[in-house]
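Participant: Got a structure for you, questions after.
All of the numbers you see were taken from the coordinates with simple rules; none came from a lab. The model shown is predicted, which means the values in this text are computed figures rather than measured ones. Reconstructed Cβ throughout: ideal geometry from the backbone, glycine too, with neighbour counts over all protein chains shown.
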Amino acid sequence: MSIVINHLTFAYTQGGKPLDPTLKDLTFTIEEGSFLGIIGHTGSGKSTFVKHLNGLLPCEKGTVEVDGHDLSQKSERKSVRALVGMVFQYPEYQLFAETVSEDVAFGPRNMKLDEAEVKNRVINAMTMVGLDPEIFSERSPFDLSGGERRRAAIAGVLAMHPKYLVLDEPMAGLDPLGRREILSLLEKLRTESGCTIIMISHSMDDIANHATKVLVLDQGSILMYDTPQNVFSKADELQQIGLSVPSITKICVEMNRRGVPIPVTICTEDAFLNWFREGRQHA
Amino acid sequence: MIEFDHVTFQYEKALTPALTNIDLTIDKGEFVAIVGHNGSGKSTLAKHVNGLLLPTEGTVTVCGMQTSNEDDLLRIRQKVGMAFQNPDNQLVTTVVEEDVAFGPENLGIEPNEIRTRVDKALASVGMSDYATFAVHHLSGGQKQRIAIAGILALKPQILVLDEASAMLDPNGRAELLETVHKLHREGMTVLMVTQYMEETTGCDRIIVMNHGKIVLEGTPEEVFRHTDLLMESNLVPPETVSVRDALRSMGYALKDRSLTAEQLAEELCPLL
Amino acid sequence: MRDITLGQFVAGNSVIHKLDPRTKIAMMILYIVMTFLVKEIWFMSIPFAYLVMELVFSGISLRYILNSLKPIRFLLIFMFLLNLFFTKGEHVWLDLGFWKLTGEAVLQSCFLSLRIILLVAGASMLTLTTSPIALTDGLEKLLMPLRIFHFPAHELAMMMTIALRFVPTLMDESEKIRNAQMSRGADFESGNVFKRVKSMIPILIPLFVSSFRKADELAIAMESRCYHGGDGRTRMHQLKFRKEDLAAILITLAFLASLILVMVLL
């Protein structure tokens, strides 16, 4: 199963008139179990694109199919919203209930699950994100620290057991510790529950370290859709559209400029150090 | 220019102090970065510089004035400009130039002089073309530069940035950092609170905070020598620094100043 | 959502646009006085002529004025019918036994409807040609004298300024929260009124929380920028009362005077 995007084009309207398209003829497939990193300049259409994955924005031209559910059918949207979990930027701003457990239960209750199952899922989701249910269940979400609030909000999405988890800059504004916690949570979700992760991020280092595929959007079109190694090896092209590359890629580029032929497909610390360990062969 | 003398601060209802016995002197024209994880006390420290918070014990002296003296507070706030994290929540009016004028208007400055200051401040952050724009049409980075222009219009001597880059995208962050460095070159004393270690490589001095105390202090080269201490304080050194350390343990004799990709490559290549 | 501007200001460069907001507020007050002084429908032609003149000089298209009347169309129809039914008169035009349509009733209905139309259209002329910010400035200046009676003129204007600044931000934010809750399966579209109101809670609470946080942070930022109330505050943009303003006021007064004169003489 997978998410199939076929010739998706979308334009916002202003005063009844369509503006220039934000998304232009996107066609690609997100494989189940992958970790997709989406990168692009602010305004490249990243956030608009992910809103199509659960029908928050209508498919006017082209189609999006999630596990065979065609999102251009309005009736399919509800079932897809249970399949595709969405974590928006600063998700802690959506917390509203009196207690953390009530808030986490909001999604499962909307799915009309029975109370025992809801309770079960709440406990599991809270444990998953590292908020001990014993301690945090009855606390007000507004009394938590920034990092805890963020994780409570993510638990609210996880409790719906999404097969695909979409996150729009989930680490924005967190301190280094908070960022590490979120990233390891995502890795755990993918390896243990087989959840497909789709993450928009500005941090090229994080993308290089975690993504299996990278989608590069530029002015609403796909510029690249490839492995991180292949995407980041095209540092010049990325810099041309105002994107940076991972720190390791930067070092490799600088080394090449000084006559050391290290492959520029190296974009993680491990790969970089391995190149040294394995006798510095070039590609 | 700024002097913290045995400053301890405890929030009401808090069990432990947010700052414990801080001694700190910042000289005129210095660019100092304060780093630390959330709750380390770095923002609390910043809010002491312009008297938004007053020490429970000890004193803070700015340009010869004590922040605890209420009569001096307005003068201190004119000398110390402060930019905050959320670009949206610090702009007061709808139109860019009117927002920049807000500070000088509060000081009762004469209208023609305000006009001159506003134009100069906007030019200084490279936003002159946006003078009559509506604030909510700007990007985060642009809003933050407007916030800084609003501060510059007060003609301060010290600029305090309280995690001003935290909510910006990389381009916005670069724009902001470039603006701040430019102001520093023109003579501004800068105190920058941040969680991003990468942003600190160009500073004169880095102060690392943990549990309300200063745990490490020195030039970037000195501070990044102690990656273990940084990790203990829940900070992550720039990837370049951790690569440098790993290469060192593999036997490559790299110097302390290999902090950016370019510097590292320059040190490393001759060794290969 | 993004581009909703508060009020209905249409940017322009006309003589009317360039008038001091205080002048325009005064003009509107005088105009309202005019429409209320009129006791017979034929004299409505004077405020009507005034409105037409303003419209011509402002370069505002008639469409905007008609749009501003749209929200009150039902009120107008209701008022018209009410007066048609309940005004008593001598000149019977139609007798249905239980009710007589009289000439006086028709005249009275037309007269009152016309007054409402002229009032709303005149008020719209003010908001169409004056930006909300200028309007705030004008109000602050006009209310200044009331400060001796401890009327918070500056505070009121500052509140309006901040409200104008944050309306678009909060609109954006409510849209974001709405999307997030919809992704968690919230349903805002079906069910009865009671259910729909209840379904708004997950949007309203985060919005309130966020507004309070914004207010807090803004207060700190304002304080850091030396804000200490209205005392001793100056403004970069000074309101200037120019020749054109004097002319506009005099013309308006002339209309008012001629109305009074005509009513006394006839």
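Participant: Hey, what angle do you get for helix C:73-86 against the long axis of chain C, alpha-carbon based, 0 to 90 degrees rounded to 10?
Facilitator: Once rounded, one gets 30 degrees.
Participant: Can you tell me which lysines have their Cα less than 18 Å from the Cα of residue B:47? Leave out same-chain residues fewer than eight positions away.
Facilitator: B:79, B:213, C:214
Participant: Another question, then. Starting from the range B:175-221, pick out the GluC sites (Glu not before Pro) whose DSSP state is loop and whose Cβ has at most 15 other Cβ atoms within 10 Å. Show your work: numbers first, answer last.
Facilitator: Details: sites: B:175, B:178, B:186, B:198, B:199, B:217, B:221; in loops: B:186.
Passing both the DSSP loop test and the Cβ count: B:186.
Participant: Something else now. With unit charges on the beta carbon (Lys/Arg positive, Asp/Glu negative), name the residue among B:191, B:150, B:25 whose Cα is farthest towards the positive pole of the charge dipole of the range B:2-237.
Facilitator: The residue sitting farthest along the positive end of the dipole is B:150.
Participant: Give me the angle, in degrees from 0 to 90, between the Cα long axis of helix C:243-265 and the longest principal axis of the Cα atoms of chain C, rounded to the nearest 10.
Facilitator: Approximately 30 degrees, to the nearest ten.
Participant: Could you check which residue among C:223, C:54, C:40 shows the biggest mean-square fluctuation in a GNM of chain C with a 10 Å Cα cutoff?
Facilitator: C:223
Participant: Let me have the relative contact order for chain A, percent, based on Cα pairs under 8 Å that are six or more residues apart. Spell out each step's value before the answer.
Facilitator: Working: 508 pairs, mean separation 58.5, N = 283.
It comes to 21 percent, rounded to a whole number.
Participant: Which ordering of C:146, C:126, C:84 is given by a fewest-first count of other beta-carbon atoms within 10 Å?
Facilitator: Details: C:146 11, C:126 20, C:84 16.
Ascending number of Cβ neighbours within 10 Å: C:146, C:84, C:126.
Participant: For chain B, what is the mean residue ellipticity at 222 nm derived from helices alone (per DSSP H run of n ≥ 4: -39500 (n - 2.57); sum divided by total residues; nearest 500 deg cm²/dmol)? Can you show the working numbers first?
Facilitator: Details: 10 runs with 98 residues, N = 272.
Taking each H run of at least 4 residues, the total per residue is -10500 deg cm²/dmol.
Participant: Also, quick follow-up: Scale the Cα Rg of the range A:1-137 by the rule-of-thumb value 2.2 N^0.38 Å and send over the ratio, two decimals. Mind dumping the intermediate values first?
Facilitator: Working: Rg = 17.6 Å, N = 137, 2.2 N^0.38 = 14.3 Å.
For the range A:1-137, the normalised Cα radius of gyration comes out at 1.23.
Participant: Rounded, prolate or oblate: which fits chain C when a ≥ b ≥ c are the square roots of the eigenvalues of the alpha-carbon gyration tensor, with rounded for a/c under 1.5 and prolate only if a/b beats b/c?
Facilitator: Numbers: a/c = 2.58, a/b = 1.30, b/c = 1.98.
Oblate.
Participant: As I understand it, the dipole of chain A uses +1 on the Cβ of Lys and Arg and -1 on the Cβ of Asp and Glu, about the Cα centre. Which of A:105, A:52, A:6 lies farthest toward its positive end?
Facilitator: Checked the options; the winner is A:6.
Participant: What 222 nm value per residue comes from the helices of chain C, counting each DSSP H run with n ≥ 4 as -39,500 (n - 2.57) and dividing by all residues, nearest 500 deg cm²/dmol?
Facilitator: On the way: 11 runs with 181 residues, N = 266.
Using -39500 (n - 2.57) per qualifying helix, the result is -22500 deg cm²/dmol.
Participant: Could you tell me the largest-minus-smallest coordinate of the C-alpha atoms of the range A:4-57 on each of the three principal axes, in descending order and whole angstroms?
Facilitator: Cα extents, longest axis first: 41, 22, 18 Å.
Participant: Report for chain A the percent antiparallel among DSSP-assigned beta bridges with both residues inside it, nearest 5. Walk me through the intermediate numbers first.
Facilitator: On the way: 20 of 38 bridges.
Percent antiparallel among DSSP bridges in chain A is about 55.
Participant: Hey, another quick one. What percentages, rounded to whole numbers, describe P(r) for the range C:66-114 computed over all alpha carbon pairs with 10 Å bin width beginning at zero?
Facilitator: 28, 45, 20, 7
Participant: Now a separate question. Give the order of A:276, B:224, C:36 when sorted by the count of other beta carbons within 10 angstrom, beginning with the fewest.
Facilitator: Details: A:276 16, B:224 25, C:36 11.
If I rank by nearby Cβ atoms, fewest first, I get C:36, A:276, B:224.
Participant: Helix-only mean residue ellipticity at 222 nm, chain A, DSSP H runs n ≥ 4 weighted -39,500 (n - 2.57), per residue, nearest 500. What is it? Don't skip to the answer; put the middle values down first.
Facilitator: Values: 12 runs with 110 residues, N = 283.
About -11000 deg cm²/dmol.
Participant: Identify which of B:67, B:25, B:200 has the largest mean-square fluctuation in a Gaussian network model of chain B, with springs joining Cα atoms closer than 10 Å.
Facilitator: Looking only at B:67, B:25, B:200, the biggest GNM fluctuation is shown by B:25.
Participant: Calculate how many DSSP beta bridges within the protein assembly as shown are antiparallel, expressed in % of all such bridges and rounded to the nearest 5.
Facilitator: So the antiparallel bridges in the protein assembly as shown amount to around 55 percent.
Participant: When the Cα atoms of the protein assembly as shown are enclosed in a convex hull and the volume is divided per residue, what value in Å³ results?
Facilitator: Values: hull volume 174.6 nm³, N = 821.
Taking the convex hull of the Cα positions in the protein assembly as shown, it is 213 Å³ per residue.
Participant: To make sure I understand, if each residue's beta carbon is the centre and we count other beta carbons within 10 Å, what order do A:200, C:41 fall in, fewest to most? Don't skip to the end; give the middle numbers.
Facilitator: Numbers: A:200 24, C:41 14.
Ascending Cβ contact count within 10 Å gives the list C:41, A:200.
Participant: Over its Cα atoms, what ratio of radius of gyration to 2.2 N^0.38 Å does the range C:152-224 give?
Facilitator: On the way: Rg = 15.7 Å, N = 73, 2.2 N^0.38 = 11.2 Å.
Taking N as the residue count of the range C:152-224, the ratio is 1.40.
Participant: Just how far, in whole angstrom, is the range C:126-175 from the range A:1-66 if you go by their alpha carbon centroids?
Facilitator: Taking the Cα centre of each part, the range A:1-66 and the range C:126-175 sit 40 Å apart.
Participant: Taking the Cα centre of the range A:1-64 as origin, sum charge times position over the Cβ atoms of Lys and Arg (+1) and Asp and Glu (-1), and report the length of that vector in debye to the nearest 20. Provide the component values of the computation, followed by the final result.
Facilitator: Details: 5 positive and 5 negative charges, 47 e Å.
Around 220 debye, computed over the range A:1-64.
Participant: Provide Rg over Rh for chain B; use the alpha carbon set for both Rg and the Kirkwood Rh (inverse mean inverse pair distance).
Facilitator: Working: Rg = 19.7 Å, Rh = 19.7 Å.
In chain B, Rg relative to Rh is 1.00.
Participant: List every residue whose amide H lies under 5 Å from the amide H of residue B:95, counting only residues 5 or more places away in sequence or on a different chain, with H placed 1.01 Å from N in the peptide plane.
Facilitator: For residue B:95, whose amide H was placed from the backbone, the distant partners under 5 Å are B:135.
Participant: Assuming a ≥ b ≥ c are the square roots of the Cα gyration tensor eigenvalues, decide whether the range A:102-223 counts as rounded (a/c under 1.5), prolate (otherwise, with a/b larger than b/c) or oblate.
Facilitator: Numbers: a/c = 2.14, a/b = 1.58, b/c = 1.36.
Because a/c hits 1.5 or more and a/b exceeds b/c, the range A:102-223 counts as prolate.
Participant: Can you give the net charge of the other residues whose Cβ lies under 15 Å from the Cβ of residue B:67, counting K and R as +1 and D and E as -1?
Facilitator: Numbers: positive: B:47, B:75, B:77, B:79; negative: B:3, B:5, B:57, B:70, B:71, B:72, C:223.
Net local charge, residue B:67 excluded: -3.
Participant: So, one more: Take the Cα gyration tensor of the range B:118-228, multiply each eigenvalue by 5, square-root it, and list the three semi-axes largest first, rounded to whole angstrom. Spell out each step's value before the answer.
Facilitator: Numbers: eigenvalues 163, 45, 27 Å².
With the √(5λ) rule applied to the range B:118-228, the semi-axes are 29, 15, 12 Å.
Participant: Only four residue types carry charge here, +1 at the Cβ of Lys and Arg and -1 at the Cβ of Asp and Glu. Report the dipole size of the protein assembly as shown about the Cα centre in Debye, rounded to the nearest 20.
Facilitator: Result for the protein assembly as shown is approximately 2520 debye, rounded to the nearest 20.
Participant: What's the magnitude of the charge dipole for chain A around its Cα centre, counting Lys and Arg as +1 and Asp and Glu as -1 at the beta-carbon? Answer in Debye, nearest 20.
Facilitator: Charge dipole, chain A, about its Cα centre: 520 debye, nearest 20.
Participant: What fraction of the DSSP beta bridges in chain B is antiparallel, stated in percent and rounded to the nearest 5?
Facilitator: 50
Participant: Moving to a separate point now. For chain A, modelled as a GNM with alpha-carbon contacts under 10 angstrom, which of A:108, A:18, A:228 fluctuates the most?
Facilitator: Most flexible of the set in this elastic network: A:18.
Participant: Any idea what the relative contact order of the range B:2-237 is, in percent, if you count C-alpha pairs under 8 Å spaced at least 6 apart?
Facilitator: 27
Participant: Further, regarding this structure: Which residue, chosen from C:215, B:92, C:72, occupies the Cα position most advanced towards the positive end of the dipole of the protein assembly as shown, where the dipole is computed from +1 (Lys, Arg) and -1 (Asp, Glu) charges on Cβ about the Cα centre?
Facilitator: C:72
Participant: To the nearest 10 degrees, how steep is helix C:201-224 against the longest Cα principal axis of chain C, on a 0 to 90 scale?
Facilitator: The helix C:201-224 is inclined about 80 degrees to chain C.
Participant: Further, regarding this structure: So what's the convex hull volume per residue for the Cα atoms of the range B:1-150, in Å³? Spell out each step's value before the answer.
Facilitator: Numbers: hull volume 20.6 nm³, N = 150.
With only Cα atoms used, the range B:1-150 gives 137 Å³ per residue.
Participant: Right, something else. Over 32 Å between Cα atoms: which of A:24/A:250; A:188/C:176; A:112/B:143 fall into that group? Don't jump to the answer; show the numbers that get you there.
Facilitator: Numbers: A:24/A:250 30 Å; A:188/C:176 28 Å; A:112/B:143 43 Å.
Check vs 32 Å cut-off fails for A:112/B:143.
Participant: I would also like to ask the following. What is chain C's relative contact order, in percent, from Cα pairs under 8 angstrom and six or more apart in sequence? Walk me through the numbers on the way to the answer.
Facilitator: Values: 219 pairs, mean separation 79.4, N = 266.
Value for chain C: 30 percent.
Participant: With the Cα gyration tensor of the range C:108-243 giving a ≥ b ≥ c as the square roots of its eigenvalues, does the rule (a/c under 1.5 for rounded; else a/b larger than b/c for prolate; else oblate) give rounded, prolate or oblate?
Facilitator: On the way: a/c = 2.73, a/b = 1.26, b/c = 2.16.
It is oblate, given that a/c is not under 1.5 and a/b is not larger than b/c.
Participant: Expressed as a fraction of 2.2 N^0.38 Å, the rule-of-thumb size for a compact globular protein of N residues, what is the C-alpha radius of gyration of chain A?
Facilitator: Details: Rg = 20.2 Å, N = 283, 2.2 N^0.38 = 18.8 Å.
For chain A, the normalised Cα radius of gyration comes out at 1.08.
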